[in-house]
Structure formats: structure tokens, C-alpha cells
1. Sequence-distant or interchain residues sharing an amide H contact under 5 Å with Met249, placed H: which?
2. With 10 angstrom as the radius, rank Lys208, Lys215 by how many other C-beta atoms surround their C-beta, starting from the fewest.
3. Would you calculate the separation in nanometres between label points at Ser236 and Gln52, each defined as 7 Å from the Cα along the Cα-to-beta-carbon direction?
4. Which cross-chain or sequence-distant (5 or more) residues have an amide H under 5 Å from the amide H of Leu33, H modelled 1.01 Å from N in plane?
5. Arrange the peptides 162-168, 115-121, 189-195 so that the one whose residues have, on average, the most other Cβ atoms within 10 Å appears first.
6. Kirkwood Rh over alpha-carbon pairs of the stretch 71-169, then Stokes-Einstein at 10 °C and 1.306 mPa s: what D in µm² s⁻¹, rounded to an integer?
7. Can you sort Asp81, Asp40 so the residue with the fewest Cβ neighbours within 10 Å comes first?
8. Apply the Karplus curve 6.51 cos²θ - 1.76 cosθ + 1.60, θ = phi - 60°, to the phi angles in the stretch 219-224 and return the couplings in whole Hz, x for Gly and Pro.
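Read-outs throughout are calculated quantities, based only on the coordinates presented, and are distinct from any laboratory measurement. Just so it is clear, the structure is predicted and the values come from calculations on it, not from any experiment. Here the Cβ is made from the backbone with ideal geometry for all residues, glycine too, and neighbour counts use every protein chain on show.
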Amino acid sequence: MLKGKTALVTGSTSGIGLGIAKALAAQGANIVLNGFGDVDGPKAEVAALGVQVAYHGADMSKPAEIEAMMRYAAEQFGRVDILVNNAGIQHVARIENFPPERWDAIIAINLSSAFHATRLALPAMQAAGWGRIINVASVHGLVASAEKAAYVAAKHGVVGLTKVTALENATSGITCNAICPGWVLTPLVQKQVDARAAALGVSNDEAKNRLLGEKEPSLQFTTPEELGALAVFFCSPAANNVRGVAWNMDGGWVAQ
Ligand code: NAD
């Protein structure tokens, strides 16, 4: 379905971003990966799906590096048809204890990077008359949790940016939508499980059960594969007129 298209997925060396990159690659899209840590493993996983894969290590907190990444993607594949703004980090603390530099980093990586990548991707999409922008927000783009001030503020911002991007391009073939996962067992969440296990003196499995039990009625983690399938749907012709939605995949978290 996506043969001949190019997808750039930020923060795709791990977790949800890698899951979405692989789902788009399975539909034939060439992939530009981004993110830190091991690169060869994720590159090989995507290449095994029979598409071309490139990588740029831009730090998404730095607009000049985002500009370099977008130039690189255009040089490699002509243009970016599908942009997935996924890179994100977390920090958990009450507001009065929240380190200001962590606030700045979360706003830069989780929110401002999506603005920069979007503003740089749109002109080529507009010239082509087709594009898909998918913002990985969170249930925390729709509701709040204590001790996540920067994350909740950034993700609510991402949902707002999604709506504006969708509206400004509403008469074109460019759509923009947000995905709002509940708990997904990636390294980002494993850190929170580990912290909870240590604080309560319980096993890792017990900490996972308590984490799910507090917020997610299904008591199941959403998977990167399920989120990848939703991204593929947003890229499909059936989603041509799905514009500006924030679609939660959260085991009932936001239904409560
Ligand atoms: P993860 O830690 O597994 O992956 C994060 C990715 O972002 C990695 O590839 C990492 O290298 C990259 N990254 C981090 N800082 C970066 C930077 N400055 N520049 C470039 N890349 C950077 O986390 P994840 O759980 O897969 O999270 C992906 C997205 O999904 C995030 O936006 C997160 O907020 C969102 N999300 C996660 C969950 C969850 O439960 N895991 C739930 C809702 C939303």
C-alpha cells in the first residue's frame, strides 16, 4: 500500500517508534530512522522487510539538527511523504521539585520537535498534494496524572498542534492525526515500573500489575505492533478524511 513512499519516524531506534517504522515498512514504505542507542539492530529489522532504510541521529531537542535530518531525508529519498513525530522522554516529580532543565528538555523533545519537523516537512507534501503526519501523543494529551507536569503539558500541546496542522491542510491530501497510547511496555515505561518496584519493595511483575491496575481497565499493555497498525490505517485511503483526531488506544483509560 505504501510502496514508493518515504516515512521518517523520529525516536525509532526503540519502542513505539520502531514498531511504527516496521509496520510502515511492511506496507512497502522506505524508512528514515532516528534516535539514540543501538542503530544497527533496528536498521537490520527494518531492512529485513525488504525496503530501503536510512538513519539520521539528530537530537530532537535541537532545531538545527532537525533541519539537517529533514535535508538528509530529502537527499536520500526525494521527500518525506509520511512524518511520524514520536521521539519522547519522561520525568516524574511534583511541580515544586521538578528540575527546570527537565521541563525544558521535555517541552523541546516531546512538543517543539514536532513543530519543527512538521514545518519542514509540509512544503514538499503540499507540492506533492499528499502527506501523512502522525503525532504520537499519549493519553496524557487528553487527561492528566500527578507528577508529570512537563509531559502532560507537552502532550496536550501535541494534540493542539495536531488539530491546527489538520485544519491548515484540510482541503488537501495531507492529513494530521494523533495517536494516544495508554501504557506500552517500552524502556520509557520500564523505568517507571522499576522505580515503583523499588519504592514499594515488590517484584517487577507486581509493580506492572499495580501500574496497570491504577489506570488501565483492560489490565493489558498496548503493544507497538497495535500502534503500528493504527499508523498504517491513518496512511490508508480509508483515512483520507480522518483529520485532526486524537485516537486513544489505551485499554479504556480515558473512558473512565
Ligand atoms: P522509548 O524510550 O522506547 O523510545 C524513545 C525513542 O526516542 C528512542 O528511540 C530514543 O532514542 C528517542 N529519543 C529520546 N530522546 C531523543 C532526542 N533528544 N532526539 C532523538 N531521539 C530521541 O519510548 P517509547 O515508550 O517508545 O516512547 C515513544 C513515544 O511514545 C514518546 O513520545 C512517548 O511519550 C509516547 N508514549 C509512550 C507510552 C508508553 O507507555 N510507553 C504511552 C504513551 C505515549
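1. Amide H neighbours of Met249, under 5 Å, 5+ apart: Cys180, Gly182.
2. Working: Lys208 21, Lys215 17.
By the 10 Å Cβ count, ascending: Lys215, Lys208.
3. Distance between label points: 2.7 nm.
4. So Leu33 has HN proximity to Ala54, Tyr55, His56.
5. Details: 162-168: 18.1, 115-121: 20.6, 189-195: 14.9.
By packing density, highest mean first, the sequence is 115-121, 162-168, 189-195.
6. Numbers: Rh = 14.4 Å.
Result for D is 110 µm²/s.
7. Details: Asp81 23, Asp40 9.
Going from least to most buried by this count: Asp40, Asp81.
8. Going residue by residue, I get 6, 10, 6, 6, 10, x Hz, with x marking Gly and Pro.
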